Amino acid sequence: EAVCLIYGTNGSLIASSDSGNPEDGIQYKDDKKHWRVYSQTMSPMQMQLMIAVPNHIIWQSIKGRSLFTLFILILGIAILIYLFRRIEKNRKAFLQVQNEQKLVQKEMQMATNIQTSILVHDFIDDDQLALHAMLVPMQSVGGDLYDFYRDGDVVTFIIGDVSGKGMPAAMFMSAAVTLFGSAVKHHQSPKAIMEEINATLSQNNSSMMFVTAWIGQLHPSTGQLTYCNAGHLPPILVKDGQCRWLELKETNTLLGIDGDYHFSEQSITIDHGEQIIIFTDGVSEAENAQKELR
C-alpha cells in the first residue's frame, strides 16, 4: 500500500504512515523498481511531503482501466461493423428493388409497344359503313385486342380480352390477333374462325391463359350480321337513341381452354343508321372517384 512521509528542512524524517518502518525512507527513493515516489515541498516551513506508491498497485489500476477501455473500444467497433453491414444489406436490397422495378417498367413498356404495334390504326368510314376502334390503357397494360379484315362486301372483325396483365397478356394477345388475321383468310364464317383460333391457343397452354372474344361478320349492303361469342360481353345495339343488348342464344366457352370445342353462331340484320357497340370489361367495370361502378 502507499506510504506517506514528511521530512524536515534538514532532510530528517519527521513522520511516516509506515509506523513499522523507522528508517528515513531512503528505501522508497532508491528502490525505483518497486516504488514510485511523488514529493512536494510545503511552504513556508520548507518541509517536504513524499508519497511512495508500490508499482504493482499503479499497474493494476492502469491494467483495469485499460481492459475496460479496450472492451468499450471492441464493443464500439463491433457495433459499427454491424451497422455498416446492415446499411450495406439495406442498400443492396434497395438496389435490387430498384432493378426489379426497372425490369417491370421495361417489361410494361415492351408490352405496350407490342400491343400498340399489333393493333390496326386505319379504319373504315364510307357511305356504307363506319368502323372505328379505340384502346385506352388504364393503370397497366392489359390484353385487350381488336382487328378487322375487309374482303369486298364482307367485313369481319374481332374484339377480345386476354386474361392477366403485362408481358404474358401482351404476347397472348399478339398471338390471338395474328391467328385471327390468318384464319379470316381461310374461313367463311365467324364460327370457323373462332374454332381455328381456339384450337391453336389451346395447344401447350400450360399456364391456362384464356381469351374472351366476339367475332362478327357484316355485309354492309344487306345489313346481315353473323356473329360468334366466346364468353365475351354482349354488344349493345343503338338506334334512334334507344339501346338494347344484342341477343345471345348460347354462351360458348373461352378461347384457349378446350381445343376441340364446337362453337355456335347466330345472325341478325342491322338496319340503316343502327349502331353496334362492342366493348371489354374496362367499360363495364369502370369506377368513379368514389370507387363505385358507373
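The values are calculated or read from the model by the stated rules, or taken from the named source; none is laboratory data. Please read all numbers here as calculations on a predicted model, not as lab measurements. Here the Cβ is made from the backbone with ideal geometry for all residues, glycine too, and neighbour counts use every protein chain on show. Heavy atoms of the whole protein, side chains included, go into the accessibility calculation; ligands, DNA and RNA do not. Shrake-Rupley method; radii C 1.70, N 1.55, O 1.52, S 1.80 Å.
Okay, here's what the table says:
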{"read-out": "Cα-only Debye scattering, the stretch 200-243: base-10 log of I(q)/I(0) at q = 0.18, 0.26, 0.33 Å⁻¹", "value": "-0.73, -1.02, -1.10"}
{"read-out": "Compactness relative to 2.2 N^0.38 Å, alpha carbon Rg of the stretch 80-207", "value": "1.54"}
{"read-out": "Residue-normalised accessible area of the stretch 181-229, given per residue in Å² at a 1.4 Å probe", "value": "42 Å²"}
{"read-out": "Peptides 223-230, 99-106 ordered by average Cβ neighbours within 10 Å, highest first", "value": "223-230, 99-106"}
{"read-out": "Order by protection proxy (mean Cβ within 10 Å, highest first), peptides 202-213, 87-98", "value": "202-213, 87-98"}
{"read-out": "Filtered trypsin sites (Lys or Arg not before Pro), the stretch 172-240: DSSP coil and at most 16 other beta carbons within 10 Å", "value": "K185"}
{"read-out": "Cβ-placed point charges (K, R +1; D, E -1), dipole of the stretch 106-176 about Cα centre in debye, nearest 20", "value": "520 debye"}
